[in-house]
Each structure stands twice: as C-alpha cells, then as structure tokens.
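Visitor: One structure, pasted below without further comment.
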Amino acid sequence: MSSLGNSNNIFWQECPVGKLERQKLINQKGCVVWITGLSGSGKSTLAFSLNRQLYSRGKLSYVLDGDNLRHGLNKDLGFSAEDRTENIRRVGEVAKLFADAGMICIASLISPYRKDRDACRAMLPDSNFIEVFMNTPLSLCESRDPKGLYKLARAGKIKGFTGIDDPYEPPLHCEIELQQIDGVCPTPTAMSGQVVSYLEEKGFLEDQ
C-alpha cells in the first residue's frame, strides 16, 4: 500500500503561465528582500517603510513579518534551534512563491543562524535574494526593547533569547548593510530609500 507521505508519489505540475508573463502583467521583477537583525534592530520598521515606498511607486510588495507569521503559518513552532530552522525554512518557501509570482517579497525576521538564511538564498537565483543586515548594536536594541523581551531575558524569564543566551550570526556577504552613521540611526525613510535604490539599480523596478 502506498503512503500519502511518500515523496516518490508526488509530481511537479508545470503552470502554463510562466514567471516572465506574470512579471510583465504587473510590470516588475519578483525578488525576496530578506531583512535580518537582532530584536529591536528596526527590521519591521524598515519592512513597512519599504512596503509603503514601493506602493507609492506603483510596485506590488508583501511583508512576511516574523511575529505575524507565528500567529498563523508558524504558530506550532517554538524557539528551539530546530524550530527556528523550520520557521525560517517555511518562510523561505513562501517568500520564493511570492517572488515567483512576480512580487517583491519583504521578509522581516531575526533569522539568527547563517546556515538557515543561506538555505533560503539557495531556493532562488542568487541575484533575486537581497539580504539586508540591520547592523544595530545590541546595546541600542536592548535600550529600545520595544516588546520588553530583553528585560525578561536578562531576568532569566525567557531562555534562548537571541543576543543574550543564544547566538546571532551576522551575514558575511549581505547585499545591503544598514547601520548608525556617526552614532545616529538613519530614518526609516532613508533606510528604505537605500533599499529602493538598490532595487532600481538591479532592474527589479524596471518596466517588464
């Protein structure tokens, strides 16, 4: 008897409408903008600012926010190393589908482990995965502490918190690195503008 879970019984179905046709329809090129960094580094702020800037230019994008996804797609996952890896794998697969549809997918997650981010990059043509590193010092992230999580982690009430008792592995070869300039953080508009400029330069916003 065949098992429903047997991958030998699953076959890829080709869609008659291809990626280039979808991109031409919405007049843009699909890609994944993957924003990584510590909690409180400004990932979500950048993601939604970028989403708004692209919208104002008539470009279709969608934000996959790490916290939001844990209310639905990933609500069955915890924060063990294994669950973090599965969390990122799922988001990577969804982001790949958005990009294949011709959309600019903005994924905003701590995604602390380099190997997991690299695995998501490997799902797409390399030029279609744009890694954005929010290089915000831990001290600044902790002083912001918008969700009160650092305080709980320091008190020992949260275990395995990235940056405190679980590692964050910064990117080695990210496409964009955003950080303080002379001790001052750029505004959300300035940071998202830098990402938009990169997308323009690489042809993602050109007429298809």
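Visitor: Find how much the distance from residue 147 to residue 86 grows on full extension, using 0.36 nm per residue of separation minus their present alpha carbon separation; answer in nm with one decimal.
Guide: The span from residue 147 to residue 86 would gain 19.6 nm if fully extended.
Visitor: Running Debye on the range 1-83 with equal point scatterers at the Cα sites and no solvent, what base-10 log of I(q)/I(0) appears at q = 0.17 Å⁻¹?
Guide: Cα-only, vacuum Debye calculation for the range 1-83: -0.99.
Visitor: May I pose another question? Using 0.36 nm times the number of residues separating residue 206 and residue 114, minus their current alpha carbon distance, what extension gain do you get?
Guide: The residue 206-residue 114 span can extend by a further 30.0 nm.
Visitor: Cβ under 10 Å from residue 112's Cβ, residue 112 left aside: what net charge do those residues give with Lys, Arg +1 and Asp, Glu -1?
Guide: 0
Visitor: Quick one: Debye curve from the C-alpha atoms of the range 113-177, no solvent, what's log10 I(q)/I(0) at q = 0.17, 0.26 Å⁻¹?
Guide: -0.72, -1.09
Visitor: Another question, if that's okay. What's the carbon and sulfur percent of the range 96-135's accessible surface, probe 1.4 angstrom, rounded to a whole number?
Guide: Here carbon and sulfur together make up 62 percent of the probe-accessible area.
Visitor: Turning to a different aspect of this structure: Through the Karplus equation 6.51 cos²θ - 1.76 cosθ + 1.60, θ set to phi - 60°, convert the phi angles of the range 64-69 into ³J(HN,Hα) values in whole Hz; use x for Gly and Pro.
Guide: So the J values, rounded to whole Hz, are 9, 8, x, 5, 4, 5.
Visitor: Please give the charge dipole size of the chain, origin at the Cα centre, charges +1 on K and R Cβ atoms and -1 on D and E Cβ atoms. Round to the nearest 20 debye.
Guide: 480
Visitor: On to the next question. Once the convex hull of the C-alpha atoms of the chain is built, how many Å³ does it hold per residue, rounded to a whole number?
Guide: It is 140 Å³ per residue.
Visitor: Work out, step by step, the length gained on full extension between residue 67 and residue 79: first 0.36 nm times the residue separation, then minus their alpha carbon distance; give nm to one decimal.
Guide: Here the segment from residue 67 to residue 79 would lengthen by 3.1 nm.
Visitor: Could you give the accessible area per residue of the chain, probe 1.4 Å, as a whole number in Å²?
Guide: That works out to 55 Å² per residue.
Visitor: Where does the range 25-133 land on Rg(C-alpha)/(2.2 N^0.38 Å)?
Guide: 1.01
The values are calculated or read from the model by the stated rules, or taken from the named source; none is laboratory data. Every value quoted in this text rests on a predicted model; they were computed, and no experiment measured them. For neighbour counting, all protein chains shown are included, and Cβ atoms are generated from backbone atoms with ideal geometry for every residue, glycine included. Just so you know, the surface numbers come from the protein's heavy atoms only, side chains and all, with ligands and any DNA or RNA stripped out. Shrake-Rupley method; radii C 1.70, N 1.55, O 1.52, S 1.80 Å.
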